[in-house]
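Remarks on the structure that follows.
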Amino acid sequence: MNTGTWALLIAVAAAVVFGLLWRSRQGKARTKRGTGEEVLVDQMPEGLRRRLAEASDDDAEVTLLQLSTTFCAPCRHARILLTDFAERTEGVRHVEIDLTNHPEWSTPLRVHTTPTTLALDSTGRELFRVGGVPRRDALAATLRAHLR
């Protein structure tokens, strides 16, 4: 085989490995690395903080903050799943924020793709985050430790 064929085979193999790795991470809860003492609400832009306060639910122990964009098809699936999940799970609320008109909000939240769901405790500390459409069973298992 010539050099071009080898280069093509290596590129295809690398793309397949990258795709499988990316897919394996989608929908899984990832806990925050580091001390975990950082309060995410303190880093939020004022407009986003106001929206969360407007959607306040005093009984909620955990807020599932879904960050979406207008033309994101997986975001619609995540919205349906998270809305249903919050309605069926005591102590959980779901708030969706569309970043289309406020892309600058993604930087302080370290959100680079949509949908991304941040699980926040009642003080605003990030418990974990999910990239992509959450897997219902993994979400329930991860949340179990944070609910009474």
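Couple of notes before you dig in:
- Residue-wise HN-Hα coupling along the stretch 6-13, computed from phi with Karplus coefficients 6.51, -1.76, 1.60 (Hz; x: Gly, Pro): 4, 4, 5, 4, 5, 5, 5, 4
- Under-5 Å amide H pairs with VAL133, H placed in peptide plane, nonlocal only: GLY27
- Full extension of the chain segment joining VAL12 with ALA141 gains 42.9 nm, where the gain is 0.36 nm per residue of separation less the Cα-Cα distance.
- Gyration tensor verdict on the stretch 63-105 (Cα atoms; rounded if a/c is under 1.5, prolate if a/b is larger than b/c, oblate otherwise): oblate
- Looking at the stretch 76-147, the trypsin sites (Lys or Arg not before Pro) that sit in a DSSP loop and have at most 16 other Cβ atoms within 10 Å of their own Cβ are ARG110, ARG135.
- The local environment of GLU90, defined by Cβ-Cβ distances under 15 Å, has a net charge of -2 under the rule Lys, Arg +1 and Asp, Glu -1.
- Stretched out straight at 0.36 nm per residue, the stretch from GLU61 to THR123 would grow longer than its current Cα-Cα span by 21.4 nm.
- Of the GluC sites (Glu not before Pro) found in the stretch 75-118, those that fall in a DSSP loop while having at most 12 other beta-carbon atoms within 10 Å are GLU90.
Read the figures in this text as sums done on the coordinates, not as results from a lab. Keep in mind that this is a model prediction, so the values were computed, not measured. All Cβ positions, even for glycine, are placed from backbone atoms using ideal geometry, and neighbour counts span all protein chains on display.
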